[in-house]
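K.L.:
First the structure, which I've put down as structure tokens, then a few questions once you've had a look.
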Amino acid sequence: MSVFIDNATRLVVQGITGRDGSFHAKQMMEYGTQVVAGVTPGKGGQRFENAVPVFNTVAEAVAATKANTAVIYVPAAVAASAIFEAADAGIGLVICITEGIPVLDMTRVLPFVRERGARLIGPNCPGLISPAKSKVGIIPGNICKPGNVGVVSRSGTLTYEIVHQLSTHGLGQSTCIGIGGDPLIGTNFIDCLTAFQADAETEAIVMIGEIGGTDEQQAAEFAKREVKKPIVGFIAGQTAPPGRRMGHAGAIISGSSGTAAEKMAAFEKAGISVMKRPADVVPLLQERM
Amino acid sequence: MNLHEYQAREILRRYGIPVPPGEVASTPAEARAIAERFGGKVVVKAQVHAGGRGKAGGVKLAKTAAEAETHAKAILGMTIKGLTVQKVLIAPAAEIASESYVGIIVDRASQRPVLMVSPAGGIDIEEVAAKTPEKIHRRAVDPRYGLLSHQAMMLGFALYKDVKQARAAADIMQKLYAAVYGVGASLAEINPLVTTPDGAVQALDAKIAIDDNELERRPDIAALRDVSSEAPEEVAAREAGLTFIKLEGTVGCCVNGAGLAMATMDLVKYYGGDPANFLDIGGSSNPQKVVSALRIITSDPRVKVILFNIFGGITRGDDVANGIVQATREFTLKVPIIIRLTGTNEQLGVEILRKAGFSALTDMDEAVKQAVALLKGKAA
């Protein structure tokens with residue numbers, strides 16, 4: 001098993017003929033993901049790489065191919081609209097890679113997605129990968145290995161760094177999920193912890209958080225109550241100044257709230273082993289598994 | 001992006017919120033002319049993106065136009081929390097009967113806009129929240145319906161017993177809510193919302209922050225950016241498509257990805273150094289971005305060593321390597337450089353660097369250790 005995506009994932013790529021969409025669609029196909037459809041308005045009827053049918057709308061793609069998962073690579077200006085469209089077409093899992101969606105747009109997108117019974121991962125995220133099964137998004141497949149560690153993170157390249165450490169030390173992953181660096185996101189740490197706790201294949205969890213908000217603190221309290229599997233955690237931004245957005249729209253210390261110190265303390269209180277540096281992930285996991 | 005008080009007041013006015021008069025001046029003579037036009041006592045207020053302007057001496061009461069000119073002369077050019085005052089707001093000194101607070105933020109936990117009001121206005125709202133949380137009333141708004149009249153009235157009554165004033169406050173809240181969605185604000189505050197001796201409710205001071213992600217589709221709001229209020233390196237970085245934040249240390253960091261960039265800064269600190277900056281060259285790589293990044297980093301005289309930490313995903317190692325080599329052709333780096341390069345096109349990148357006389361490491365921990373060791377070797 002794995003969480004959210006596996007061999008049954010049938011993917012539609014929104015923005016498949018664009019620069020990023022086409023590059024990553026090819027990468028996902030090479031990895032073995034079932035890319036069953038693409039969507040670019042005005043390019044319906046074409047075939048991507050002589051194989052994948054392209055449709056004008058997500059609804060047509062779903063009707064023709066039974067796609068059950070959508071990934072979004074369209075520009076920020078139309079990304080909120082692309083999420084609405086995917087959820088409206090009955091897609092159950094929508095992954096939005098695009099960075100730069102205004103937060104006020106997300107206040108309208110999120111209730112809509114929930115009402116349709118869909119799950120959104122992201123926006124502003126690298127997507128997810130269940131090694132050797134399916135990859136949706138942009139996480140490099142070659143750094144991952146199948147195994148029993150579930151990884152959930154607000155970051156992209158920092159996740160690669162930590163996953164790379166795991167793989168080179170023989171610790172494979174069940175699923176790696178990038179939940180995104182924006183202040184308003186569809187799937188949070190608690191959702192992922194819940195999924196990893198229920199997943200028979202996952203034996204331990206790595207949580208990679210950062211400054212800003214209280215998602216990590218709430219997840220720590222939840223983990224203490226509900227998660228029986230060992231968790232190792234990291235928080236980026238110990239040296240970040242308050243009041244400044246550290247690249248990610250959501251990575252900001254507001255006043256005195258959302259600091260790395262407060263999140264690390266919450267982790268420790270909940271029995272989560274805290275890494276002082278990314279290289280600590282392997283010894284801490286080995287200790288706990 | 002933060003707006004100045006005078007810009008925020010203008011937006012509130014546009015949305016029909018009663019704001020007392022006020023005009024902005026860039027010179028003492030302008031300040032005097034405005035004060036003469038208003039007649040009577042005026043307040044001279046520094047326009048900078050910093051709280052605590054009053055405590056810093058940036059807000060002064062003037063009894064005459066001549067005094068307004070003197071105060072403007074003192075305030076213009078003064079530095080508040082590292083920011084130079086370029087403009088002052090001149091406003092008639094208002095007689096105030098009571099002060100309260102009205103604010104709207106997008107709450108991350110409830111994922112909704114939240115109205116916050118408090119009868120304890122005019123002071124730092126964070127302090128009120130910490131010391132007397134019972135004095136803050138909150139209401140999460142369903143964005144599908146907006147702030148409903150009865151919800152606004154409940155908050156209005158939390159501020160004023162008088163029904164007319166409660167109604168006036170509720171009306172201001174609904175207009176402020178419309179302004180938030182209208183201009184793409186991530187925060188909008190009226191602090192203080194005042195009542196005058198004759199009972200009118202007015203927005204005396206306002207603070208609006210715009211979500212940077214809104215600027216592309218709102219050129220009129222983007223035009224309000226005051227470049228002179230930002231660090232020049234940060235302006236240059238933004239124009240080059242980089243995210244850069246200046247810090248106080250000596251290790252110049254150049255990283256791909258925000259999370260890894262923060263983790264790199266933290267690791268510099270862990271090994272006993274101090275980061276000079278946060279710099280994310282972004283996802284899709286382009287040698288020119290690396291050149292711009294190096295130009296910005298080396299313009300800081302405090303930087304004693306440069307540290308690259310690249311984990312290629314979308315970012316390609318050869319692009320980064322080409323950028324470094326190209327930069328050294330355009331200008332001298334003056335300080336040593338430690339490069340960690342792994343991931344997509346790592347071999348190509350390492351080869352390009354080797355031919356140009358640079359070496360590259362594959363391990364992040366090792367790279368940071370070496371950078372800090374170089375620093376200490378230099379200091380000794």
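K.L.:
With the structure loaded, tell me whether A:Thr159 is part of a helix (DSSP H, G or I) and either at positive phi or away from chain B (no Cβ under 14 Å) (or both) or whether it fails that test.
P.N.:
The answer is no for A:Thr159.
K.L.:
To continue, here is another question. Which of the numbered conditions does B:Gln326 fail, given that it passes all the others? Conditions: (1) modelled with pLDDT under 95; (2) more than 27 Å from B:Gly377 (Cα to Cα).
P.N.:
(1)
K.L.:
Take A:Asp88 and tell me if it is surrounded by fewer than 21 Cβ atoms within 10 Å (Cβ to Cβ) and in the same structural domain as A:Ser22 (by TED's automatic domain parsing).
P.N.:
Answer is yes for this residue.
K.L.:
Right, another one. Taking the stretch B:184-221, which residues are of a type in the set (D, E, K, R), in a loop (DSSP other than H, G, I, E, B) and either within 14 Å of chain A (Cβ to nearest Cβ) or free of Cβ contacts under 8 Å to residues at least 60 places away in the same chain (or both)?
P.N.:
Listed by number, the residues that qualify are B:Asp198, B:Asp211, B:Arg218.
K.L.:
Let me ask something else about it. Looking at the stretch B:136-152 only, could you name the residues that are out of contact with any helix residue (DSSP H, G or I) (no Cβ under 8 Å at 6 or more places or on another chain) and within 14 Å of another protein chain (Cβ to nearest Cβ)? Don't jump to the end; show me each part of the working.
P.N.:
Keep residues of the stretch B:136-152 that are out of contact with any helix residue (DSSP H, G or I) (no Cβ under 8 Å at 6 or more places or on another chain), which gives B:138, B:140, B:145, B:148, B:150-151.
Correct list: B:Ala140, B:Tyr145.
K.L.:
Sticking with this structure for a sec: Please go through (1) more than 8 Å from chain A (Cβ to nearest Cβ); (2) buried (at least 24 other Cβ atoms within 10 Å of the Cβ) for B:Asn256 and return the number of the only condition it doesn't satisfy.
P.N.:
(1)
K.L.:
Could you check how many residues of the stretch B:1-60 are within 24 Å of B:Val235 (Cβ to Cβ) and in a helix (DSSP H, G or I)?
P.N.:
6
K.L.:
Tell me, yes or no, whether the stretch A:238-260 has at least one residue that is in a helix (DSSP H, G or I) and away from chain B (no Cβ under 13 Å).
P.N.:
Checked the stretch A:238-260: no residue is in a helix (DSSP H, G or I) and away from chain B (no Cβ under 13 Å).
K.L.:
Which number in (1) within 11 Å of another protein chain (Cβ to nearest Cβ); (2) in contact with a Gly (Cβ under 7 Å, 6 or more places away or on another chain); (3) aliphatic (A, V, I, L, M); (4) buried (at least 24 other Cβ atoms within 10 Å of the Cβ) marks the one condition that A:Leu128 misses?
P.N.:
(1)
K.L.:
Of the conditions (1) basic (Lys, Arg); (2) without any contact (Cβ under 8 Å) to a residue 12 or more places away in the chain; (3) assigned to a loop (DSSP other than H, G, I, E, B), A:Lys228 satisfies every one except a single condition; which number is it?
P.N.:
The number of the failed condition is (2).
K.L.:
Within the group A:Gly170, A:Gly213, which residue is out of contact with any Gly (no Cβ under 7 Å at 6 or more places or on another chain), among the small types (Gly, Ala, Ser) and either free of Cβ contacts under 8 Å to residues at least 40 places away in the same chain or not in a helix (DSSP H, G or I) (or both)?
P.N.:
Working: A:Gly213 fails: out of contact with any Gly (no Cβ under 7 Å at 6 or more places or on another chain).
One residue alone meets the criteria, A:Gly170.
K.L.:
Quick one: what pairs do we get from the stretch B:222-240, first residue among the charged types (D, E, K, R), second part of a helix (DSSP H, G or I), C-beta under 7 Å, 6+ apart or different chains?
P.N.:
Cβ pairs passing all conditions: B:Glu233/B:Ile296.
K.L.:
Then there's this: Return the only residue of A:Pro111, A:Pro41 being without any contact (Cβ under 8 Å) to a residue 24 or more places away in the chain and not in a loop (DSSP other than H, G, I, E, B).
P.N.:
A:Pro111
K.L.:
Hey, does the stretch B:161-177 have a residue that's within 14 Å of chain A (Cβ to nearest Cβ) and among the charged types (D, E, K, R)?
P.N.:
Among the residues of the stretch B:161-177, not one is within 14 Å of chain A (Cβ to nearest Cβ) and among the charged types (D, E, K, R), which makes the answer no.
K.L.:
How many residues does the stretch A:60-82 contain that are part of a helix (DSSP H, G or I), surrounded by 15 or more Cβ atoms within 10 Å (Cβ to Cβ), free of Cβ contacts under 8 Å to residues at least 60 places away in the same chain and more than 14 Å from chain B (Cβ to nearest Cβ)?
P.N.:
4
K.L.:
If I filter the stretch B:243-259 for residues that are under 15 Å from A:Arg244 (Cα atoms), outside the structural domain of B:Gly182 (by TED's automatic domain parsing), without any contact (Cβ under 8 Å) to a residue 24 or more places away in the chain and assigned to a helix (DSSP H, G or I), do I get at least one hit?
P.N.:
Yes, the stretch B:243-259 contains at least one residue that is under 15 Å from A:Arg244 (Cα atoms), outside the structural domain of B:Gly182 (by TED's automatic domain parsing), without any contact (Cβ under 8 Å) to a residue 24 or more places away in the chain and assigned to a helix (DSSP H, G or I).
K.L.:
Just checking, which of A:Ile177, A:Ile190 is assigned by TED's automatic domain parsing to the domain that holds A:Gly258, assigned to a helix (DSSP H, G or I) and under 23 Å from A:Glu221 (Cβ atoms)?
P.N.:
Answer to the check: A:Ile190.
K.L.:
Can B:Glu95 be described as under 16 Å from B:Leu204 (Cβ atoms), among the charged types (D, E, K, R), in contact (Cβ under 8 Å) with a residue 40 or more places away in the chain and not in a loop (DSSP other than H, G, I, E, B)?
P.N.:
no
K.L.:
Let me ask something additional. Of everything in the stretch B:98-135 that's assigned to a strand (DSSP E or B) and within 10 Å of another protein chain (Cβ to nearest Cβ), which residue is surrounded by the most Cβ atoms within 10 Å (Cβ to Cβ)?
P.N.:
Here is the first cut: in the stretch B:98-135, the ones assigned to a strand (DSSP E or B) are B:98-107, B:112-118.
After this cut, where a residue has to be within 10 Å of another protein chain (Cβ to nearest Cβ) as well, the list is B:105-107, B:112-113.
On the way: B:Ile105: 18, B:Val106: 21, B:Asp107: 18, B:Arg112: 17, B:Pro113: 25.
Among residues in the stretch B:98-135 that are assigned to a strand (DSSP E or B) and within 10 Å of another protein chain (Cβ to nearest Cβ), the one surrounded by the most Cβ atoms within 10 Å (Cβ to Cβ) is B:Pro113.
K.L.:
I'm trying to understand the selection: among the residues of the stretch A:134-156, which are farther than 14 Å from A:Gly181 by Cβ and either buried (at least 24 other Cβ atoms within 10 Å of the Cβ) or in contact with a helix residue (DSSP H, G or I) (Cβ under 6 Å, 6 or more places away or on another chain) (or both)?
P.N.:
Answer for the stretch A:134-156, where residues must be farther than 14 Å from A:Gly181 by Cβ and either buried (at least 24 other Cβ atoms within 10 Å of the Cβ) or in contact with a helix residue (DSSP H, G or I) (Cβ under 6 Å, 6 or more places away or on another chain) (or both): A:Ser134, A:Lys135, A:Val136, A:Ile139, A:Gly141, A:Ile143, A:Cys144, A:Lys145, A:Val149, A:Gly150, A:Val151.
K.L.:
Out of the stretch B:307-325, which residues are among the aliphatic types (A, V, I, L, M) and surrounded by 24 or more Cβ atoms within 10 Å (Cβ to Cβ)?
P.N.:
As a first pass, look at the stretch B:307-325 and keep what is among the aliphatic types (A, V, I, L, M): B:307, B:310, B:314, B:320-321, B:324-325.
Scanning the stretch B:307-325 gives B:Leu307, B:Ile310, B:Val320, B:Ala321, B:Ile324.
K.L.:
Also, quick follow-up: Taking B:Asp318 as the residue in question, decide whether it is among the acidic types (Asp, Glu) and within 18 Å of B:Ile281 (Cα to Cα).
P.N.:
yes
K.L.:
Across the stretch A:261-277, which residue is farthest from the other protein chains (Cβ to nearest Cβ) among those that are in a helix (DSSP H, G or I) and under 22 Å from the mean Cα position of the chain (by Cα)? Talk me through it step by step, then tell me what you get.
P.N.:
Within the stretch A:261-277, the first condition is being in a helix (DSSP H, G or I), and the residues that meet it are A:261-269.
Checking the rest, the ones that are also under 22 Å from the mean Cα position of the chain (by Cα) come to A:263-264, A:267.
Details: A:Lys263: 13, A:Met264: 11, A:Phe267: 15 Å.
Filtering first and then ranking leaves A:Phe267.
K.L.:
To continue, here is another question. Filter the stretch B:256-301 down to residues that are among the β-branched types (Val, Ile, Thr) and over 22 Å from the mean Cα position of the chain (by Cα) and give me whichever is nearest to A:Ile208 (Cα to Cα).
P.N.:
Keep residues of the stretch B:256-301 that are among the β-branched types (Val, Ile, Thr), which gives B:264, B:268, B:281, B:290-291, B:296-298.
Within this subset, residues satisfying the condition of being over 22 Å from the mean Cα position of the chain (by Cα) are B:264, B:268, B:290-291, B:298.
Values: B:Thr264: 14, B:Val268: 19, B:Val290: 27, B:Val291: 31, B:Thr298: 31 Å.
The selected residue is B:Thr264.
The values are calculated or read from the model by the stated rules, or taken from the named source; none is laboratory data. These numbers come from a predicted model, not from an experiment. Here Cβ is always computed from backbone atoms with ideal geometry, including for glycine, and neighbour counts include all displayed protein chains.
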